[in-house]
Every structure is written in C-alpha cells, then in structure tokens.
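Below is one structure, written out as structure tokens; comments come after it.
The values are calculated or read from the model by the stated rules, or taken from the named source; none is laboratory data. Here the structure is a predicted model, which means the values were calculated and not measured. Note: ideal-geometry Cβ built from the backbone for every residue, glycine included; neighbour counts use all protein chains shown.
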Amino acid sequence: MDYLLSADGSLLGLFVSSFLAATLLPGGSEAVLFAVVRLHPEQTATALMLATVGNTLGGMSTYLLARLLPQKELPARLAAVKRYGAASLALAWAPLVGDALCAAAGWLRLNWLACMLWMALGKFARYVVVVAGAGMF
C-alpha cells in the first residue's frame with residue numbers, strides 16, 4: 001500500500017488509469033490526476049504529461065481497433081468527423097462522444113499522426129483544467 005501512495009506508484013497508477021479511461025472501459029482519470037497532484041505537488045508537470053500520454057495512447061488504441069474494421073457505406077453519424085477531420089479529435093476527451101470520435105477517425109482512416117496530435121492537445125487542455133482546479137497553477 002505504501003508503494004501506491006509513493007510518487008512513483010501514484011504516477012504509475014495515473015498512467016494506467018488514464019490509458020484505461022480512454023478505452024471503452026469506464027474510468028475517471030481526472031479524479032486520479034487530482035489526487036496525485038494534491039498528494040505530490042512536486043510531480044505536477046510529470047503527472048500532467050503522463051496523464052496526457054496515457055489517455056492519448058488509450059484513444060489511439062480505439063482508433064487502431066476501428067481502423068481494422070472493414071469499411072462499407074459511410075454512416076450518417078460519421079459525416080461530421082469526416083467533414084472536420086482530425087481536428088474533431090480535440091474533443092476526444094468529452095464524455096460519451098470521445099470514444100466514438102476516436103473510433104470514427106480510425107474507421108475513416110484519417111491520418112494517424114494528425115489524429116494523435118489533435119487528440120493529445122484536447123486531452124492536455126482538459127487535464128490542465130483539472131490541475132488548475134487542484135490549485136497547482
């Protein structure tokens with residue numbers, strides 16, 4: 001138990017929580033990030049980066065799985081993602097629609113690098129708000 005409360009254990013738990021929260025599994029990485037920066041304020045920058053990387057990698061795993069699906073006729077629901085392209089993934093952090101956006105981008109075979117960059121930008125911005133709410137900025 002002591003390891004989990006240590007800075008290293010907390011950061012590892014944050015990374016895993018962030019990754020899993022961005023997949024189809026339910027999870028709240030924001031609460032874990034909030035707790036980590038309150039327990040270990042000296043690790044704020046590292047925690048912010050690990051949460052962003054973990055959450056982005058989780059989103060990219062959804063993107064990859066959807067990319068493996070065969071393409072057929074374009075569902076009407078994907079028209080907005082097709083129209084706005086990778087930039088729509090700046091909202092990949094949003095509850096309920098975030099996972100669907102990642103999957104849609106993969107299914108549409110949008111450029112993976114552009115998708116990853118937009119996704120990371122949106123997720124980073126969301127985590128900055130969480131860290132600010134924890135009183136760390």
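Among the residues of the range 44-93, the ones that are of a type outside the set (A, V, I, L, M, F, W, C) and closer than 30 Å to GLY9 by Cα come to 11 in all. Determine whether ALA94 is surrounded by 13 or more Cβ atoms within 10 Å (Cβ to Cβ) and part of a loop (DSSP other than H, G, I, E, B). The answer is yes for ALA94.
Here ALA45 fulfils each of the conditions (1) at pLDDT below 95; (2) more than 27 Å from ALA100 (Cα to Cα); (3) among the aliphatic types (A, V, I, L, M) apart from (1).
Test of understanding: among TRP107, TRP118, which residue is touching a helix residue (DSSP H, G or I) at 6+ places or on another chain (Cβ under 6 Å) and either closer than 28 Å to THR44 by Cβ or touching a residue at least 60 places away in the same chain (Cβ under 8 Å) (or both)?
Going through TRP107, TRP118 in turn, the sole match is TRP118.
Just checking, which of LEU69, LEU64, LEU50, LEU57 is at pLDDT 95 or above and loosely packed, with under 14 Cβ neighbours inside 10 Å?
Details: LEU69 fails: at pLDDT 95 or above; LEU50 fails: loosely packed, with under 14 Cβ neighbours inside 10 Å; LEU57 fails: loosely packed, with under 14 Cβ neighbours inside 10 Å.
On inspection, the qualifying residue turns out to be LEU64.
From the list ALA100, ALA120, ALA125, ALA86, which one is assigned to a helix (DSSP H, G or I), within 15 Å of the chain's Cα centre (by Cα) and over 24 Å from GLY27 (Cβ atoms)? Show your work before the answer.
Numbers: ALA100 fails: over 24 Å from GLY27 (Cβ atoms); ALA120 fails: over 24 Å from GLY27 (Cβ atoms); ALA125 fails: over 24 Å from GLY27 (Cβ atoms).
When all the criteria are applied, what remains is ALA86.
Return yes or no: is GLY28 surrounded by fewer than 13 Cβ atoms within 10 Å (Cβ to Cβ) and either within 30 Å of LEU108 (Cα to Cα) or at pLDDT 95 or above (or both)? Walk me through it before giving the result.
Values: surrounded by fewer than 13 Cβ atoms within 10 Å (Cβ to Cβ): yes; either within 30 Å of LEU108 (Cα to Cα) or at pLDDT 95 or above (or both): yes.
It is true that GLY28 is surrounded by fewer than 13 Cβ atoms within 10 Å (Cβ to Cβ) and either within 30 Å of LEU108 (Cα to Cα) or at pLDDT 95 or above (or both).
Return the residue satisfying two criteria in turn: it lies in the range 30-73 and is part of a helix (DSSP H, G or I) and free of Cβ contacts under 8 Å to residues at least 24 places away in the same chain, and of such residues it is farthest from the chain's Cα centre (by Cα). That would be ALA45.
Which members of the range 74-83 meet the condition of being surrounded by 11 or more Cβ atoms within 10 Å (Cβ to Cβ) and not in a helix (DSSP H, G or I)? Give the derivation first.
At the first step, the residues of the range 74-83 found to be surrounded by 11 or more Cβ atoms within 10 Å (Cβ to Cβ) are 74, 78-82.
Within the range 74-83, LEU74 is the sole residue that qualifies.
Applying the condition of being aliphatic (A, V, I, L, M) and touching a Cys at 6+ places or on another chain (Cβ under 9 Å) to the range 78-137 and asking which residue is farthest from MET49 (Cα to Cα) yields ALA105.
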